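A.B. asks: Before we start, here is the structure in question, set down as structure tokens.
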Amino acid sequence: MTDDEAARLLVRPAVVDDARAIAVVHVRAWQEAYASQLPAEFLARLDVEQRVPRWVSIIEDDVTDVFVAEADGAIVGWATSSIGRDEDRPVERELAGIYVLESFYGTGAGQILLSAATTDKPAYLWMLDENPRAEAFYQRNGFERDGGVREQRIGSVPLQVVRMVRRGK
């Protein structure tokens, strides 16, 4: 990341007025990140407007921390974290989601979002298996696969997801 790129990035807690912009990034980031794992027809049908009310409720709840990354005033990424949703959670904090637009890969936006959402505390996450870019990012940040595996259906496609954990020091 150059000093110029870092100066352009701002990470802050999300507010309800961000819901539509987060939904736009959510859809675009999925279309970019999962083009090789999910059917093109499914990705093309992702609907921003359907996601806006859900984002409003996530931002307003008292459980989930939502952060956005802005560049030049436009939201280019988001991250969410909370107390883990899994009964058998390996640590208390879960990184539930983190996405950055492809045009901001390598700018440090993902790193700043991860730091905001999880600080340096123990955390876990679920990611699609066979996602080398994401796995390398998480490994650089101290996450390791812990053997947790499950099937998750996205649209009509069953996919394997794996759990990664950062236990802390």
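A.B. asks: I need the full set of residues from segment 116-140 which are open to solvent by less than 80 Å² (accessible area, probe 1.4 Å) and more than 14 Å from the chain's Cα centre (by Cα), in order please.
C.D. replies: The initial filter retains those residues of segment 116-140 that are open to solvent by less than 80 Å² (accessible area, probe 1.4 Å), namely 116-119, 122-129, 131, 134-138.
Answer for segment 116-140, where residues must be open to solvent by less than 80 Å² (accessible area, probe 1.4 Å) and more than 14 Å from the chain's Cα centre (by Cα): Thr119, Pro122, Asp129, Ala136.
A.B. asks: Within the group Val161, Val157, which residue is β-branched (Val, Ile, Thr) and in contact (Cβ under 8 Å) with a residue 60 or more places away in the chain? Working first, answer last.
C.D. replies: Values: Val161 fails: in contact (Cβ under 8 Å) with a residue 60 or more places away in the chain.
Every option except Val157 fails the conditions.
A.B. asks: Next question. Within segment 51-59, identify whether any single residue is of a type in the set (Val, Ile, Thr), touching a residue at least 12 places away in the same chain (Cβ under 8 Å), farther than 27 Å from Val157 by Cβ and out of contact with any strand residue (DSSP E or B) (no Cβ under 9 Å at 6 or more places or on another chain), and answer yes or no.
C.D. replies: From segment 51-59, those of a type in the set (Val, Ile, Thr) are 52, 56, 58-59; that's our starting set.
Subset that is touching a residue at least 12 places away in the same chain (Cβ under 8 Å): 52, 56, 58-59.
Then keep just the ones that are farther than 27 Å from Val157 by Cβ; that gives 56, 59.
Narrowing the set further to residues that are out of contact with any strand residue (DSSP E or B) (no Cβ under 9 Å at 6 or more places or on another chain) leaves 56.
Looking through segment 51-59, at least one residue is of a type in the set (Val, Ile, Thr), touching a residue at least 12 places away in the same chain (Cβ under 8 Å), farther than 27 Å from Val157 by Cβ and out of contact with any strand residue (DSSP E or B) (no Cβ under 9 Å at 6 or more places or on another chain).
A.B. asks: Given the structure, is Asp86 modelled with pLDDT under 95, open to solvent by less than 40 Å² (accessible area, probe 1.4 Å) and at negative phi?
C.D. replies: On the way: modelled with pLDDT under 95: yes; open to solvent by less than 40 Å² (accessible area, probe 1.4 Å): yes; at negative phi: yes.
Considered against the rule, which asks whether it is modelled with pLDDT under 95, open to solvent by less than 40 Å² (accessible area, probe 1.4 Å) and at negative phi, Asp86 comes out as yes.
To keep it simple, each residue is scored yes or no on (1) touching a residue at least 24 places away in the same chain (Cβ under 8 Å); (2) assigned to a helix (DSSP H, G or I).
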position: Val66; (1), (2): yes, no
position: Ala69; (1), (2): yes, no
position: Ala79; (1), (2): yes, no
position: Glu130; (1), (2): yes, no
position: Phe137; (1), (2): yes, yes
position: Asp146; (1), (2): yes, no
position: Arg153; (1), (2): no, no
position: Val165; (1), (2): yes, no
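A.B. asks: Another question about this same structure. Within segment 25-57, restricting attention to residues that are part of a helix (DSSP H, G or I), open to solvent by less than 50 Å² (accessible area, probe 1.4 Å) and among the aliphatic types (A, V, I, L, M), which residue is nearest to Ser81 (Cα to Cα)?
C.D. replies: Of everything passing the filter in segment 25-57, Val56 is nearest to Ser81 (Cα to Cα).
The values are calculated or read from the model by the stated rules, or taken from the named source; none is laboratory data. None of these values were measured; they are calculated from a predicted model. As a convention, Cβ positions derive from the backbone with ideal geometry for all residues, glycine included, and neighbour counts pool all protein chains shown. Surface areas here come from the heavy atoms of the whole protein model, side chains and all, with no ligands, DNA or RNA. Shrake-Rupley method; radii C 1.70, N 1.55, O 1.52, S 1.80 Å.
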